[in-house]
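So the structure is just underneath, and the comments pick up after that.
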Amino acid sequence: MRYAIYLITLLLAGSPFAQQTISGRVTEKSGEPLLGVNVYVKGTYDGATTDINGSFSFTTYEEDSLILVASFIGFHEVNLPLSKDSEPLLIRMREKVSELNAVVITAGAFHASEEGKREVLKPLDIVTTAGATADVPGALNTLPGTQTVGETGRLFVRGGDGRETKTFIDGMLVHNEYSPSAPNTPGRSRFSPFMFKGMSFSTGGYSAEYGQALSSALILQSKDLPDNNRTDISLMSVGADISTTRTFEKSSFAGKVQYTNLTPYFELVDQNLRWDKAPEEYNANLAYRVKTSKTGMLKFYTNASRSDMELYEADIANPETVLPVKVQNDYAHFNASYKELMGDKWGIRAGASFTKSDDLASLSNDSRDQELTGFHTKIVTDYQHSDRIAFLAGAEVIQREVDQVLEDETGSFAQGFKERVSASFFESEWFASSSLGFKAGVRAEHNNLTSGETVAPRISAAYKTGAKSQVSIAFGQFYQTPQTQIILSQPSTQAEKASHYIANYQWLGEGQSFRIEAYEKRYDQLVKYDQLFDPSTYSSIGNGYARGVDLFWRDNKTFDNTDYWVSYSYLDTEREFRDFPGAFTPTFASSHNFSFVVKKFIDEIKSQFGLTYSFASGRTYNDLNAEGFLTGRTPAYHDLSFNISYLYNNQVIVHAMVNNVLGINNIYGYQFADTPNENGMYASRAITSPARRFIFLGVFITLSKNKGINQLPNL
Amino acid sequence: MRKNLLIIIGVLCASAVFANGPFEKAMGKNIPAMFTAETSEALQNVINQLNRIGEAEGDRWEPYYYAAFGYIRLSDMHEGGEDKDKYMDLALETIAKADLIKPEDSELEALRGYVHMMRIVVDPATRGMKYSGMAFASFQKAVALDPENPRAHYLLGRMQFGTAQFMGNGDGGACETLARAKELFASEKPESPIAPSWGNKTNEEAIAYICKKEESE
C-alpha cells in the first residue's frame, strides 16, 4: 500500500523530489520592469516568462545546486546560483549596447546601406535620383553640405574645393576617381553605383582611419557574394554594355565591358561645343570575391579604361580662330581587400590598391602629359573589449608618383615627384549607455617630401534625446598635401590644414527623417603665391573659414508610393590663398544651395517617375574689366531634371531621362582673354554647359534563371 | 506584393501528438500553442518555453525550429521596421542553432528562406533585389535537399507569385509549384509527430486565391 501511494505521488508529480516555487521580479538597472524575460532553471524545462510587472513564478522539482538563468533580447544574460527556499528574487538586467539600440554618431555623416536601419539614404537612391545620371557624386550633390559646381560634376563640400573630397573603396584610397572630360564640362565618377552595398558620405569630422582630405570622405563598401548567376545587357543612346555574374559555392566572379561613344548623340542634338571627335570610352571591370571562412572575405576588383575626345575651342579674343583641344586618358585601378574575425573580439582588415593613370591634354601646340602611379597599403585591427568599449588601430602607406611633361614650340619641360605618406591611427569608442556614446581618435602622418609630421585629433559624441531623436557633436583636424601643380613646382610645400566643429540634431521616424547641422571650419597653412609657376613666391600662410547650416527632410510615408527629400545649405566662406590679394569668397562657393528630389511609382503603368530641382545662388568670378578682385557674380543656377523607368516585363526595362528640362542657360563663370583689346578691355566668354539639355534613352535586359531578377534596382 | 507577402500564416493546428515522454509531451503542448498564440506576450511565452526545451535537450533541432517560426510570427505582429528586423534576426539566430544539430536540412533551409521573404515586406523597393535573391536561393536549396518537402514548394510558390505580382505579369509559375506542393502534402508522412507538418491549409488558400484568380482573368 505504501508502495502504491509512493507510485501515485511519483506519477502525479513526475519526480520523486520536493517541489520548489521560484518567484521574483526582473527589472532594468533603472528599476523599470521587463516584460517577456525567459527565467528558467539551467538545463531544465522549468521556467517562466515575466509579465507586464516583470514578475515571474514557477515550480521546479530540481534540488541540487540550481542555477537560475534570466535571458532577454538586448540584455546581458544573468546566471544566479539558487539556494533552497529562496526568497522572492529581484533580478536586475543590464542593457547590451548593440547596433540596434546604440546611439549613432551622425555629426557630419550620411550613411547609406541596403539594410537601412537608421540610414537616411539607400544605395538605390543614387540610381533613381533624376538628374544624377546614375552617378554617385551626382546623387550626393542633392544632399545638404554640397555646393553645385555644374561645370565639374564633382563634390564640393562646405566651402571646400573639389580636390578636398577623397573617395575610398573598401578602405582604399582611389586616385583620379573621375573620368576625364572636356574643359569646363562635368566629369563622372569612374565607379558604378551598382558595385556598392553601402556608403558613407562625410561632410566633415570623419574617422581617424581616413586622411588626406580637408573637407570630406566618401567611403564606399563593395558588395559581398551575389546569390544568382545573371547576365545583363544594356543598350543606350550613348553606348552599350554587357555584364555577367557567376556564382560558385564560396566565390563569385563578375565582369563587365562597356563601350561609350557620343558621336550619334551629338549628330542628333545640337551642342555648344564644336566636336571633332566625340568622347569615346572603352571600359572593363572585373571582380572576384571569395569567402575564405565563415567570417572571412577576400575581394579583388579591377577597372581599366581608355577614353579620348577632340574638340575645337574658340579663342576668346577672336572667336573666329579655333584651337584644337585633345583629351586622352588611360586608367587602371586594382584593389584587393581582406577581412576576417579572429575569435569573438578581434577583427582584422588588410588591403592594397594600385592606380595608374595617364592623362594627355593638349591645346593647339601646347601639351601636358601627366602620369600618376599610386600605391596604397593598409592594415587595421579592431578589438571589441565589450559591448560598450571598442578600439581600432591601423597603419597605412599612401604612395604617389607623378611625372609631368609640358611641351610647346620652344621644347619640353619635365617635372615629377614621389610622395610617400606614412600614417598610423588609433580610435576608441565608448558607450556610457545605449544613449550616450563617445569616439576619440588620433591620426599621425609623416610625409617624405616635407619630412614633416602632422598629428590630427578627432573627437565626437552622440546623445539620444528620445526614441527617435538624437544630438551629436564632432571636432577634428585634417591635413592634405597641396594641389599637384604646387608639389610639382615645390615638392617640400607643407600640408594644408582644416579644423571642423560640427553640431547635429537628427530625428528619424518611420518613413520620415529630419536633420539639421551647423558647422564651422577653419583653414590654415593654405598655400599662397604671387605666381603659380614661381615656387620662390610660395608660402603656407594662407587661411580661411567656412561656416553654415545644412537642413534635410525626407518623407516616404505621407504620399502613397511617393518618396521625396528636400535639402538646403547655407554657406558663408572666405579664404586668403593662392594669388588672392586678401580674404575673398572663392569661385567654387555659393551661399545658398537647394534641392528637391521626388520619386513616385505608379503601379497601373508599371513605371517609376523621378524629378529633381536644384538651385544654387550665384558664384564669384574675377571680372578683369571691373575694379577689384572677384567682384563679378554669376546669375543663380537652376536645373529641373526628369526620369522615367518603365518595366516592360520581368527582364526588360526601358529608361529615359532629360536633364535641364527647361533648357536654362546656366552660367558657371567667365573666362577672359589674356590680353586687353585696343579699347583696354578684356574679351570674355561665359562658361556654360556643353548643351542645354542632356537626353538619355536606354533598354536594360537581364537574363537569369531566376525570373524575379531584373535591372530595376540598377536604374 | 506587400499585400501578398502579408498573407499571414493562418491558424495551423498541428495534429494531435501522443505524449510518450517529457520531450514529446512538452513539444505536443507548445507546437500548437506557438501556431495559435494571438498576442505577442503569449507568443513570447511559448518561444521562451521552446528555447528552454532546446537548451535542456541539446541534441534536438525541433524546439529551435518552432521557436524560430515563433519569432517570424512575432515579427509579423509588430509594425515598425526596426522591431520586425529584430525578431527576424532572432529567427535566423535560432535557425542557426538548429543547423548545428541538423546540418543541411530542407525544413530549416525553407524556414530561413521564409525569413528572407518576410524581410522584403519591411521595404520592398530597397530590399526586393537582395532578399528576393536570397529567398529564392534558400527555397531552391530546400527543394534540392528534399524534393518531397511540401513546405519548400509552397513557400517557393508564394515567392514566385509575389515577384510576378510586383512585376505585374502572370503568376510566375506559382500555380504549378503550389499544385506540386498540394500533391506532396497529400502524400506526406511526417517522420515523427513533432516533425514539421504545417502548410497544407495555407497552401490550399494560396491556390484558391492565386490560381482561381488567374483563371477568371
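Read-outs throughout are calculated quantities, based only on the coordinates presented, and are distinct from any laboratory measurement. Because the structure is a prediction, the values reported are computed rather than measured. All Cβ positions, even for glycine, are placed from backbone atoms using ideal geometry, and neighbour counts span all protein chains on display.
If the segment from residue A:89 to residue A:348 were pulled out straight at 0.36 nm per residue, it would be longer than the present Cα-Cα gap by 88.9 nm.
Overall form of segment A:148-242: oblate. Here a/c, set by the Cα gyration tensor axes a ≥ b ≥ c, is 1.5 or more, and a/b is not larger than b/c.
Determine the sum of side-chain charges near residue A:379: Lys and Arg each +1, Asp and Glu each -1, restricted to other residues whose C-beta is under 14 angstrom from that of residue A:379. Write down the numbers at each step before the final one.
On the way: positive: A:339, A:349, A:378; negative: A:170, A:209, A:340, A:382, A:396.
Overall, the nearby charge balance is -2.
Could you tell me which of rounded, prolate or oblate describes segment B:62-146, using a ≥ b ≥ c as the square roots of the eigenvalues of the alpha-carbon gyration tensor, with rounded for a/c under 1.5 and, failing that, prolate when a/b is larger than b/c and oblate otherwise? Present the calculation step by step, with values, prior to reporting the outcome.
Values: a/c = 2.61, a/b = 1.26, b/c = 2.06.
Oblate is the answer for segment B:62-146, as a/c is 1.5 or above yet b/c matches or exceeds a/b.
Given R0 = 51 Å, the distance between the Cβ atoms of residue A:237 and residue A:53 translates into a calculated FRET efficiency of 0.15.
Listed by chain and number, the lysines whose alpha-carbon sits under 19 Å from that of residue A:326, ignoring those within fewer than 8 places in the same chain, are A:277.
Computed from Cα atoms, the angle from the helix A:2-13 axis to the main principal axis of chain A rounds to 20 degrees. Electrostatic tally near residue A:691: other residues with Cβ closer than 15 Å to its Cβ, Lys and Arg +1, Asp and Glu -1, net -1. Extension gain, residue A:503-residue A:63: 0.36 nm per intervening residue step, less the Cα-Cα distance, totals 152.6 nm. Bridging of residue A:29 to lysines at a Cα separation below 27 Å is possible for A:42, A:84, A:96, A:117, A:345, A:439, A:464, A:468, B:84, B:86, once same-chain residues fewer than 8 apart are set aside.
Remark: mean inter-chain Cβ contacts per residue of A:223-229 equal 3, using a 10 Å Cβ-Cβ cutoff to other protein chain atoms. Axis of helix B:22-36 versus longest Cα principal axis of chain B: the two differ by about 30°, to the nearest ten degrees. Against chain B, whose longest principal axis is taken from its Cα atoms, helix B:106-122 shows a tilt of about 60°. Coupling constants for segment A:436-453 follow from the phi torsions by the Karplus curve (6.51 cos²θ - 1.76 cosθ + 1.60, θ = phi - 60°), and in residue order they are 9, x, 10, 9, 9, x, 8, 10, 10, 10, 10, 10, 5, 6, 9, 6, x, 10 Hz; glycine and proline get x. Placing unit charges on the Cβ atoms of the charged side chains and taking the dipole of the protein assembly as shown about its Cα centre, the candidate lying farthest along the positive direction among A:389, A:479, A:253 is A:389.
Per-residue extension of 0.36 nm, minus the Cα-Cα distance of residue A:371 and residue A:320, leaves a gain of 15.0 nm for this segment. Note on segment B:2-216: with charges restricted to the Cβ of Lys and Arg (+1) and Asp and Glu (-1), its dipole about the Cα centre is near 320 debye.
Taking segment A:509-541 and a reference point 7 angstrom along Cα→Cβ of residue B:83, the backbone N atoms nearer than 18 Å belong to A:509-512.
Count charges around residue A:580 for me, please; just the other residues with Cβ under 10 Å from its Cβ, Lys/Arg as +1, Asp/Glu as -1.
Numbers: positive: A:528, A:575, A:578; negative: A:574, A:576, A:579.
Once all neighbours under 10 Å are counted, the net charge is 0.
Rg and Dmax, both from the Cα atoms of segment B:2-216 and both in Å, are 16.5, 53.
Residue-normalised convex hull volume from the C-alpha trace of the protein assembly as shown: 166 Å³ per residue. Bridges between two residues of the protein assembly as shown, per DSSP, are antiparallel at a rate of about 95%.
Averaged over the residues of peptide A:514-523, the number of Cβ atoms from other protein chains lying within 10 Å of each residue's Cβ is 0. Computed packing ranks the peptides A:559-572, A:179-192 as A:179-192, A:559-572, most packed first, by mean other Cβ atoms within 10 Å. Rounded to the nearest 20, the Cβ-based charge dipole of the protein assembly as shown about its Cα centre (Lys and Arg +1, Asp and Glu -1) stands at 1660 debye. Placing a pseudo-label 7 Å from each Cα along the Cα-to-Cβ vector at residue A:485 and residue A:430 gives an inter-label distance of 4.7 nm. For peptide A:152-160, the mean count of partner chain Cβ atoms within 10 Å of a residue's Cβ comes to 0. Mean sequence separation of contacting Cα pairs (under 8 Å, at least six apart), scaled by the length of chain B, corresponds to a relative contact order of 18 percent.
Of the residues A:311, A:531, A:548, the one whose Cα sits farthest toward the positive end of the charge dipole of chain A, with +1 on the Cβ of Lys and Arg and -1 on the Cβ of Asp and Glu, is A:548. Measuring between alpha carbons in the structure, the pairs from A:256/B:130; A:223/A:256; A:339/A:557; A:166/A:291 lying more than 26 angstrom apart are A:339/A:557; A:166/A:291. Simple rule: put +1 on each Lys or Arg Cβ and -1 on each Asp or Glu Cβ in chain A, find the dipole, and look at A:298, A:91, A:149; the Cα lying farthest toward the positive end is A:91.
Taking the Cβ-Cβ separation of residue A:533 and residue A:248 as r and a Förster radius of 51 Å, what is the calculated FRET efficiency to the nearest 0.05? Don't jump to the answer; show the numbers that get you there.
On the way: r = 55 Å, r/R0 = 1.08.
The computed FRET efficiency comes out at 0.40.
Which order do the peptides B:34-40, A:314-320 take when ranked by the mean count of other beta-carbon atoms within 10 Å per residue, highest first?
Numbers: B:34-40: 16.1, A:314-320: 12.6.
Highest mean packing first, the order is B:34-40, A:314-320.
For the peptides A:47-56, B:154-163, A:442-451, residues were scored by their other Cβ atoms within 10 Å and the scores averaged per peptide; the highest-first order is B:154-163, A:47-56, A:442-451.
In this structure the amide hydrogen of residue A:171, modeled in the peptide plane, comes within under 5 Å of the amide hydrogens of A:220, none closer than 5 places in sequence on its chain.
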